[in-house]
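The next block holds one structure in the form of structure tokens; read it before the comments.
The values are calculated or read from the model by the stated rules, or taken from the named source; none is laboratory data. In this text the structure is predicted, and so the values were computed from the model without any measurement. Heads up, the Cβs are rebuilt from the backbone with ideal geometry, glycines too, and the neighbour counts pull from every protein chain shown.
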């Protein structure tokens, strides 16, 4: 009996969600408009170790096919910053904040028109301990994690553009 009551409560909620205007981003799976657009994006070179990590993360997430002529180019400029705070009385830092920001543009390669011009970023806190090796390892791990988060945000923004501007078949 309780099960029927729960079902009776959930049914109106399910019907309301269906009419709210939400639509799946990747309709059509790998052959849908968003997936086709994402696979047609070439990621330009990005300077530095952070750039190497970011470029690889973007290529993985975009599912770029790598063959043939890409229709779009994604240009990314990174700003990586580590700031110390939590200063002790002897002026040693006890905590760091690593911030990774990306300014990115999606360019239509046929006419060099900028389709998306946006930023994405994330930050992480790092404990500074007495072992210098442990601090360096924590900073590197933070960079790797931040790279993944920022890459996800960039791909989400490009996918949103692709959903709203499907390519011609």
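Only residues that are under 17 Å from the mean Cα position of the chain (by Cα) and buried (at least 16 other Cβ atoms within 10 Å of the Cβ) were counted across the range 124-147, and they come to 5. Checking each residue in the range 105-122 for being outside any loop (DSSP other than H, G, I, E, B) and either loosely packed, with under 11 Cβ neighbours inside 10 Å or touching a helix residue (DSSP H, G or I) at 6+ places or on another chain (Cβ under 7 Å) (or both) picks out 106, 113, 114, 115, 116, 118, 120, 121, 122. Select from the range 55-104 the residues that are under 23 Å from the mean Cα position of the chain (by Cα) and over 24 Å from residue 144 (Cβ atoms) and write down the one among them that is surrounded by the fewest Cβ atoms within 10 Å (Cβ to Cβ). If we take residues in the range 55-104 being under 23 Å from the mean Cα position of the chain (by Cα) and over 24 Å from residue 144 (Cβ atoms), then 65 is surrounded by the fewest Cβ atoms within 10 Å (Cβ to Cβ).
If you go through the range 14-54 and pick out every residue that is more than 16 Å from the chain's Cα centre (by Cα), over 16 Å from residue 106 (Cβ atoms), at pLDDT 60 or above and not in a loop (DSSP other than H, G, I, E, B), you end up with 2. Inside the range 60-77, residues that are in a strand (DSSP E or B) and in contact (Cβ under 8 Å) with a residue 40 or more places away in the chain make up a count of 3.
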